[in-house]
Amino acid sequence: MISETPWSSLPPAASERLGLGAGQRNALLRVVIRPLDHTLSDHEANQLRDRMYAAVHRGSRNTWAAR
């Protein structure tokens with residue numbers, strides 16, 4: 001985890017976009033994926049990113065990065 005920001009410290013637009021409520025927080029995570037046997041395609045990397053986001057996200061909205 002790189003950083004963590006409480007809901008109360010986020011700009012209202014960010015809280016709304018993420019669907020965060022009182023008592024929740026936004027966490028910035030860094031994930032490094034390095035397969036040893038091949039290079040990941042953009043599609044494969046995006047699929048992994050989406051699965052990780054879905055596993056940790058607890059807001060009322062799912063907001064993936066631009067595709």
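Of note:
- The chain - percent relative contact order, Cα under 8 Å, separation 6 or more: 39 percent
- The three principal axes of the Cα atoms in the chain give end-to-end lengths of 44, 22, 17 Å, sorted in falling order.
- Sequence-distant residues sharing a close amide H with Arg25 (under 5 Å, placed H): Trp7
- With the helix formula -39500 (n - 2.57) applied to DSSP H stretches of n ≥ 4, the chain reaches a computed 222 nm mean residue ellipticity of -10000 deg cm²/dmol.
- Where chymotrypsin sites (Phe, Trp or Tyr not before Pro) fall in DSSP loop in the chain, at most 12 other Cβ within 10 Å: Trp64
- Relative to one another, the C-alpha centroids of the stretch 6-31 and the stretch 35-55 are positioned 24 Å apart.
- On Cα atoms only, tilt of 42-56 relative to the major axis of the chain in degrees: 40 degrees
Read-outs: derived from the displayed coordinates by stated rules, not from any lab. Values in this document were obtained by computation on a predicted structure and should not be read as measured data. Note that we place each Cβ from the backbone using ideal geometry, even for glycine, and neighbour counts take in every protein chain shown.
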